[in-house]
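One structure below.
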Amino acid sequence: NRTMDVEAAKLIGAGLATLGFIGPGIGIGLIWAALISSVGRNPAAAGAITTTAWVSFALVEALAIFALAIALLILFG
C-alpha cells in the first residue's frame, strides 16, 4: 500500500490551484482585444470604453489573485 508524502501532496495541490490562472488570462486577453476593437471603430468614445475596460480588468484580475492565494495557502498553510 503506497502512501503519498505530505510535501508531494502540497506541491500537487498548489500546482492544480494555479490552473485558476487560465480563466483570468483568457478574460484579460478578451477585454483588451475588445477595447482595441471598440476604440478603433469609435475613437470618440475611447474615454468611457477605457474606464469600463479597466474596471473589468480589475474584476477579472481578482480571480487570479484568489487562485494565487489558494495556491500559497496550500503550500504554506
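The values are calculated or read from the model by the stated rules, or taken from the named source; none is laboratory data. For clarity, every value in this text was computed on a predicted model and none was experimentally measured. Backbone-built Cβ (ideal geometry, glycine too); neighbour counts: all protein chains shown. To get the accessible areas, we keep the full protein, side chains included, count just its heavy atoms, and leave off ligands, DNA and RNA. Shrake-Rupley method; radii C 1.70, N 1.55, O 1.52, S 1.80 Å.
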## Note on the structure
In degrees rounded to 10, the 0-90 angle between helix 22-41 Cα long axis and the longest Cα principal axis of the chain is 10
### Query
Per residue, what accessible area does region 9-77 have, given a 1.4 Å probe and all protein chains present, in Å²?
65
### Query
How much FRET efficiency would the formula 1/(1 + (r/R0)^6) give for LEU11 and TRP32, where r is the Cβ-Cβ distance and R0 is 30 Å, rounded to 0.05?
0.35
### Message
Can you sort LEU16, LEU75 by solvent-accessible area, 1.4 Å probe, largest first?
### Response
LEU16, LEU75
### Query
Percent of accessible area on the chain owned by carbon and sulfur, 1.4 Å probe?
74
